[in-house]
Amino acid sequence: MGILSRKATCNSHGQDSSYFLGWEEYDKNPYDEILNPKGIIQMGLAENQLCFDLLERWLEENPDAAGFKRDGKSIFRELALFQDYNGLPAFKKALAEFMSEIRGNRVTFNPDHIVLTAGATSANETLMFCLAEPGDAFLLPTPYYPGFDRDLKWRTGIEIVPIHCSSSNGFRITESALLEAYQSAQSRDLKVKGVLVTNPSNPLGTTITTQELNLLLQFIASKNLHLISDEIYSGTVFRNPGFVSVMEILNQNYKHNHQIRKQVHIVYSLSKDLGLPGFRVGAIYSNDNVVVAAATKMSSFGLVSSQTQYLLSAMLSDKKFTKNYIKENQKRLEKRQKMLVRGLQKAGIKCHKGNAGLFCWVDMRHLLGANTFESEMELWRKIVFEVRLNVSPGQSCHCSEPGWFRVCFANMSEATLDLAMQRLKAFVVDSTVTTSPTTTTTTYHLPTKRKNMVKWVFRLSFNDRVANHTNDNLG
């Protein structure tokens, strides 16, 4: 009998996913323009580093905020002492206004309905604790962010049931897919407590349509479920159609339906829109006072520091800065996304048409040796070890179709992105391709040693996926 808990020794964290394994390989051999020019380029990390110059300039121009001063006098001691875990009122007010500004001020947010958390990871997990019991289920459209297997399930004990979306309609959410997922959960005696969506989508890089939002709200109303809308990429929308928050649809169609309004919850963070994942600033927004009260109590396990709140309250209250930042950030993201798409096109690779996010959903199905996830893993290993690019394979995002990859573009310089595209193009051109006379399938021949490496990682991540798929649960 072991002396550690089952939580400490179990394998349910999701760390053996190819999403995390790619990071491990990058950490062993990270690209550096000078120190390691042949290293692995990190394209599996959704970080926004394109507007650091704007943030740094603001800090230089506002030394009081950065130096924890008010009217030239130090408030360090005030900030260093214990603070109420409800959060600093000035920061919650500034955050609520920033959330409204990103949505074109078409909606407003009440600061009293905001719960501060240490990032969106904490926000999503806290909502799971508030809305579900261990063994209950949430429905998630595929493909979805690989980290949800950890964030939503690991400590809470809830289950994820996939809503299978297809490339045939652009991975849009349909009524039939929702019903199929709900019935699948019921067949396994799982109590469905809600639906969680990311809008804009990670990994698709697309916004959810008004039609889909209406469908989701009608669905949760008919089944008496919760809806969580993770909107951490809401400020990264750089092309039409624009971003529509679920809050807008609520205000339009459910303005006086207080029960439905209480069943909808929004998750937000400054990690993506403002490029500050290291600051650990997340938020839950809910119209249910019981959820707000419970989540506030739980937030004591993951608070945002008072120093961080003070600094960001000053920054977000500077309306001239926020207006310019939002506009410039979207402009730079669009330019960088176009650069990635052009580079992929030169390599003969197409992308799912995106309008938001820090990544593209890339179609490499034509490069597979066979229409299987094993072939996808083989291609992924070649991209990581031979092309030396860390990208995220679709199976780690629980995509139901082999051959899709998430490729990030905002966490590197233009020169590094250009190099990555040169490497990928050379790989496609130089690969030894054999085509059978009776099929259009292409086969890439790997050295024996490399094949063994493929089998190793495939055993770690793919076999778990197959086992879970047997139970209609790709989480």
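For this structure, a couple of remarks:
- Looking across the range 182-212, the residues that are touching a His at 6+ places or on another chain (Cβ under 8 Å) and among the hydrophobic types (A, V, I, L, M, F, W, C) come down to 195, 204.
- So residue 132, is it surrounded by fewer than 22 Cβ atoms within 10 Å (Cβ to Cβ) and either touching a Lys or Arg at 6+ places or on another chain (Cβ under 6 Å) or of a type in the set (Phe, Trp, Tyr) (or both): yes
- Of everything listed in (1) of a type in the set (A, V, I, L, M, F, W, C); (2) surrounded by fewer than 16 Cβ atoms within 10 Å (Cβ to Cβ); (3) under 22 Å from residue 272 (Cβ atoms), the single unmet condition for residue 301 is (3).
- With respect to (1) in contact with a strand residue (DSSP E or B) (Cβ under 6 Å, 6 or more places away or on another chain); (2) farther than 26 Å from residue 201 by Cβ, the lone exception for residue 265 is condition (2).
- Against the test of being closer than 24 Å to residue 419 by Cβ and open to solvent by less than 30 Å² (accessible area, probe 1.4 Å), the options 348, 354, 369 yield a single qualifying residue, 354.
- Taking the conditions (1) more than 30 Å from residue 199 (Cβ to Cβ); (2) open to solvent by less than 50 Å² (accessible area, probe 1.4 Å); (3) small (Gly, Ala, Ser) in turn, residue 8 satisfies each one other than (2).
- Qualifying residue in the range 348-355 (condition: among the small types (Gly, Ala, Ser), touching a Ser or Thr at 6+ places or on another chain (Cβ under 7 Å) and under 24 Å from residue 392 (Cα atoms)): yes
- Any hit, the range 77-88, residues being open to solvent by 20 Å² or more (accessible area, probe 1.4 Å), outside any helix (DSSP H, G or I) and farther than 25 Å from residue 295 by Cα: no
- Residue within the range 104-114 that is farther than 30 Å from residue 165 by Cβ, modelled with pLDDT of 95 or more and open to solvent by less than 10 Å² (accessible area, probe 1.4 Å) present: yes
- Close pairs from the range 315-343: first free of Cβ contacts under 8 Å to residues at least 40 places away in the same chain, partner surrounded by 14 or more Cβ atoms within 10 Å (Cβ to Cβ), Cβ under 6 Å, at least 6 apart: 341/351
Residue-wise test of (1) touching a strand residue (DSSP E or B) at 6+ places or on another chain (Cβ under 7 Å); (2) not aliphatic (A, V, I, L, M).
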residue: 48; (1), (2): no, yes
residue: 56; (1), (2): no, yes
residue: 67; (1), (2): no, yes
residue: 80; (1), (2): no, no
residue: 91; (1), (2): no, yes
residue: 97; (1), (2): no, yes
residue: 103; (1), (2): no, yes
residue: 107; (1), (2): no, no
residue: 115; (1), (2): yes, no
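- The criterion of being farther than 17 Å from residue 286 by Cβ, in a loop (DSSP other than H, G, I, E, B) and open to solvent by less than 10 Å² (accessible area, probe 1.4 Å) holds for residue 146.
- Some residue of the range 22-31 being at pLDDT below 90, touching a strand residue (DSSP E or B) at 6+ places or on another chain (Cβ under 9 Å), crowded, with 17+ Cβ neighbours inside 10 Å and small (Gly, Ala, Ser): yes
- For beta carbons closer than 9 Å, sequence separation of 6+ or different chains, a first residue in the range 233-258 that is over 30 Å from residue 328 (Cα atoms) and of a type in the set (Ser, Thr, Tyr) and a second that is in a helix (DSSP H, G or I) and open to solvent by 20 Å² or more (accessible area, probe 1.4 Å), the qualifying pairs are 254/221; 254/261.
- Residue list for the range 381-411, filter: more than 26 Å from residue 149 (Cβ to Cβ) and part of a loop (DSSP other than H, G, I, E, B): 388
- Among the candidates 232, 249, 266, 228, the residue that is open to solvent by 10 Å² or more (accessible area, probe 1.4 Å), within 21 Å of residue 356 (Cα to Cα) and either within 23 Å of the chain's Cα centre (by Cα) or not aromatic (Phe, Trp, Tyr) (or both) is uniquely 232.
- Meets criteria (in a helix (DSSP H, G or I) and open to solvent by 10 Å² or more (accessible area, probe 1.4 Å)) for residue 155: no
- The residues on offer are 241, 277, and the sole one that is within 24 Å of the chain's Cα centre (by Cα), at pLDDT below 95 and farther than 26 Å from residue 68 by Cβ is 241.
- Entry remark, the range 89-116: residues being among the aliphatic types (A, V, I, L, M), under 21 Å from residue 288 (Cβ atoms) and assigned to a helix (DSSP H, G or I) number 3 in total.
- In the range 134-157, the residues that are on the phi > 0 side of the Ramachandran plot form Cβ pairs under 8 Å with partners that are of a type in the set (Val, Ile, Thr), at six or more places apart or across chains, as follows: 135/158.
- Counting only helices (runs of 4 or more DSSP H) that fall entirely inside the range 1-72 and contain at least 1 residues that are without any contact (Cβ under 8 Å) to a residue 40 or more places away in the chain and of a type in the set (A, V, I, L, M, F, W, C), the qualifying elements are 6-9, 52-61.
- Of the residues making up the range 409-438, those that are farther than 26 Å from residue 48 by Cβ, surrounded by 11 or more Cβ atoms within 10 Å (Cβ to Cβ) and at pLDDT 75 or above number 3.
- Screening the range 269-286 for residues that are open to solvent by 30 Å² or more (accessible area, probe 1.4 Å) and in contact (Cβ under 8 Å) with a residue 24 or more places away in the chain and picking the one that is nearest to residue 220 (Cα to Cα) gives 272.
- In the set (1) in a helix (DSSP H, G or I); (2) under 27 Å from residue 244 (Cα atoms); (3) open to solvent by 10 Å² or more (accessible area, probe 1.4 Å), the condition left unmet by residue 322 is number (3).
The values are calculated or read from the model by the stated rules, or taken from the named source; none is laboratory data. Note that the coordinates shown come from a computational prediction; the quantities given were computed from them, not determined experimentally. Note: ideal-geometry Cβ built from the backbone for every residue, glycine included; neighbour counts use all protein chains shown. Surface areas here come from the heavy atoms of the whole protein model, side chains and all, with no ligands, DNA or RNA. Shrake-Rupley method; radii C 1.70, N 1.55, O 1.52, S 1.80 Å.
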